[in-house]
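For reference, the structure discussed in these notes is given below.
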Amino acid sequence: QVQLVESGGGLVQPGGSLRLSCVASRTIFSMLHMGWYCQAPGKQRELVATITRDRTTNYAGSVKGRFTISRDNAKNTVYLQMNSLKPEDTAVYYCHILTPGFDSWGQGTQVTVSS
């Protein structure tokens, strides 16, 4: 089992930036495909961005060009750089292991975009 711990959320004004981090508990992290999801109040959890173990990335259309997913295998960490934030980005953000056979979710980190 791999435990995931997210951090970096907070309150930011529209147009601002945040960087989320997700630390994994095991060194097999480098072999895992990872993703960031978000869940707004009253809505289903949605996939925001993914990164493979080979660092291939993909993004939801709503965040393409504004968010960047990256990873540092030496630190067992995946990041989500969020720029040009909008009020509709307000949600709890979770990291998740996409590699089949794992079912780990972090506790989430709240992102609130408001003036």
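Working only within the range 39-66, note down all residues that are touching a residue at least 24 places away in the same chain (Cβ under 8 Å), surrounded by 15 or more Cβ atoms within 10 Å (Cβ to Cβ) and either of a type in the set (A, V, I, L, M) or outside any loop (DSSP other than H, G, I, E, B) (or both).
Within the range 39-66, 48, 49, 50, 51, 63 qualify.
What number goes with the only condition from (1) of a type in the set (S, T, N, Q); (2) surrounded by 13 or more Cβ atoms within 10 Å (Cβ to Cβ); (3) modelled with pLDDT of 95 or more that residue 13 does not pass?
All conditions are met except number (2).
Every residue in the range 24-75 that is among the charged types (D, E, K, R) and within 16 Å of residue 102 (Cβ to Cβ), please.
26, 53, 71
Limited to the range 22-37, what total is found for residues that are open to solvent by less than 20 Å² (accessible area, probe 1.4 Å) and either part of a strand (DSSP E or B) or at pLDDT 95 or above (or both)?
Number satisfying all stated conditions: 5.
Do we find that residue 89 is among the charged types (D, E, K, R), modelled with pLDDT of 95 or more and either open to solvent by less than 40 Å² (accessible area, probe 1.4 Å) or touching a strand residue (DSSP E or B) at 6+ places or on another chain (Cβ under 7 Å) (or both) in this structure?
Criteria met by residue 89.
How many of the residues making up the range 92-115 are open to solvent by 30 Å² or more (accessible area, probe 1.4 Å), in contact (Cβ under 8 Å) with a residue 40 or more places away in the chain and not small (Gly, Ala, Ser)?
Counting residues in the range 92-115 that are open to solvent by 30 Å² or more (accessible area, probe 1.4 Å), in contact (Cβ under 8 Å) with a residue 40 or more places away in the chain and not small (Gly, Ala, Ser) gives 8.
The values are calculated or read from the model by the stated rules, or taken from the named source; none is laboratory data. Small disclaimer: the values here were computed from a predicted structure and weren't measured. All Cβ positions, even for glycine, are placed from backbone atoms using ideal geometry, and neighbour counts span all protein chains on display. All accessible areas refer to the heavy atoms of the entire protein, side chains included, with ligands and DNA or RNA removed. Shrake-Rupley method; radii C 1.70, N 1.55, O 1.52, S 1.80 Å.
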